[in-house]
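The values are calculated or read from the model by the stated rules, or taken from the named source; none is laboratory data. A quick note: this is a predicted structure, and the numbers were derived from the prediction, not measured. Glycine also receives a Cβ, built like all others from the backbone with ideal geometry; neighbour counts cover every protein chain displayed. Only protein heavy atoms, including side chains, enter the accessible area calculation; ligands, DNA and RNA are left aside. Shrake-Rupley method; radii C 1.70, N 1.55, O 1.52, S 1.80 Å.
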Amino acid sequence: MTWEDFLSSQGGTLENLNTTGFAPHWQSDALQTGFIAPLTDLGLIRVAGEDTASFLHSQLSNDVEHLSGTELRRAAYCTPKGRMLASFVYWKDGQDIILQLSKSIQATVQKRLQMFVLRAKAKLHDINAEYVVLGLGGTTAAAALQEWFSEMPAKIDQKVSNEHGSLLRVADANNAPRYEWIAPVQIAQQVWPTLTTQLRAVNTSAWRVTEIQAGIAIVIASTQEKFVPQMINFELIGGVNFKKGCYPGQEIVARSQYLGKLKRRMAIALVHAKEVVAGTEVFHSDDVSQPCGMIVNAEQHQEDSSLVLIEMKLADQESGQLTLGSATGAAIELLPLPYAITDITQ
């Protein structure tokens, strides 16, 4: 049975890479207490070959050559002009490296990366038919997972692996830990019935809400080539290493960091509208003739509102009224980020 067929048997429906049919997260306190979501919108690429680490190190904004077997990292994949084509989470699986990104852009990004392999001994494989990504969070998630992982990743950005797959500890949300379980399809089908007796099964969008709450952006099809990494706080969440060697766009990314204070950053906000789309422009009351920013990611949060990440001018975050799409659009209310905005050089 495919994962899609299995989810259907459990009450879930796969539509445009997203799973619906399970409970909307706003109908319960599951994001705080405990939830499980099928992350059908995330794609996985296995990179194999003896030159895998050196090849990826030359392409991504973060260090790959010194990646240990028990950690995960983030990285940007940029154009020569420093604009992000993809945002990756990556980790080791034996001698291979797994890249995770938005499934909406996987095919084109994988093809582009493969073009630059040239003589390196590295090959990229789509492994979405073999593995499932589960997102788990809330105060009871860790206890629910211990039946299959007696050893849990103790810190954020740590990974443990065993015969059941890999368990990644990612940034907290709602004052509780969050995990991604990268499981073989058969294992995922075996554990789902047990896990859903302990955790609330919710739609894929619930996980993306917690990503927004954690201040973590993901580049999707509609936002490719829109942002330099710092514009969406990517170096603040460990996605850029300024001391590593060259990669596409490295000069632009470094120049943005070192030449004066950054003028654009990403913020979390509440929009008083249900259907908000990434890539939509944002306007400020001081100058309604041109946009001051753009929606990076957006998810319905309550029945009549959405939680979003906005890339915009820092000056426009200090005062005035923000609106969606136009000067007369839905009102936007800025919320605090879970981390400090600092101009770091690491």
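Summary of values
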| quantity | calculated |
| --- | --- |
| Filter pass, residue 118 being open to solvent by 60 Å² or more (accessible area, probe 1.4 Å) and over 22 Å from residue 200 (Cα atoms) | yes |
| Candidates 274, 263, 244 - the one that is farther than 25 Å from residue 177 by Cβ and touching a Lys or Arg at 6+ places or on another chain (Cβ under 7 Å) | 263 |
| Which listed residue, of 281, 275, is open to solvent by 40 Å² or more (accessible area, probe 1.4 Å), modelled with pLDDT under 95 and more than 16 Å from the chain's Cα centre (by Cα) | 275 |
| Matching residues, segment 117-134, being in contact with a helix residue (DSSP H, G or I) (Cβ under 8 Å, 6 or more places away or on another chain), under 22 Å from residue 247 (Cα atoms) and either without any contact (Cβ under 8 Å) to a residue 60 or more places away in the chain or not basic (Lys, Arg) (or both) | 117, 120, 122, 124 |
| Hits in segment 238-250 - residues which are buried (at least 20 other Cβ atoms within 10 Å of the Cβ), touching a helix residue (DSSP H, G or I) at 6+ places or on another chain (Cβ under 9 Å) and of a type outside the set (A, V, I, L, M, F, W, C) | 239, 247, 249 |
| Residues (surrounded by fewer than 21 Cβ atoms within 10 Å (Cβ to Cβ), under 22 Å from residue 177 (Cβ atoms) and in contact (Cβ under 8 Å) with a residue 24 or more places away in the chain) located in segment 14-38 | 23, 26, 28, 32, 33 |
| Residue 182 outside any helix (DSSP H, G or I) and either out of contact with any helix residue (DSSP H, G or I) (no Cβ under 6 Å at 6 or more places or on another chain) or open to solvent by 50 Å² or more (accessible area, probe 1.4 Å) (or both) | yes |
| Test: residue in segment 149-161 that is aromatic (Phe, Trp, Tyr) and exposed (fewer than 15 other Cβ atoms within 10 Å of the Cβ) | no |
| Residues that are among the aliphatic types (A, V, I, L, M) and within 22 Å of residue 174 (Cβ to Cβ), drawn from segment 212-252 | 212, 214, 216, 217, 218, 232, 236, 237 |
| Output for segment 1-13, where each listed residue is open to solvent by 70 Å² or more (accessible area, probe 1.4 Å) and of a type in the set (A, V, I, L, M, F, W, C) | 1 |
| Residue count, segment 27-67 (criterion: of a type in the set (Ser, Thr, Tyr), at pLDDT 95 or above and either within 27 Å of residue 143 (Cβ to Cβ) or touching a His at 6+ places or on another chain (Cβ under 9 Å) (or both)) | 2 |
| From 219, 253, residue being open to solvent by less than 40 Å² (accessible area, probe 1.4 Å) and over 13 Å from the mean Cα position of the chain (by Cα) | 253 |
| Test result for residue 171, more than 25 Å from residue 274 (Cα to Cα), out of contact with any His (no Cβ under 8 Å at 6 or more places or on another chain) and among the hydrophobic types (A, V, I, L, M, F, W, C) | yes |
| Pair list, Cβ < 6 Å and 6+ apart or interchain, from segment 40-55 residues that are under 24 Å from residue 20 (Cα atoms) to residues that are crowded, with 22+ Cβ neighbours inside 10 Å and of a type in the set (Asp, Glu) | none |
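Residue-wise test of (1) of a type in the set (Asp, Glu); (2) in contact with a Pro (Cβ under 6 Å, 6 or more places away or on another chain); (3) farther than 15 Å from residue 89 by Cα.
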site	(1), (2), (3)
169	no, yes, no
173	no, no, yes
176	no, no, yes
179	no, no, no
201	no, no, yes
242	no, no, yes
254	no, no, yes
269	no, no, yes
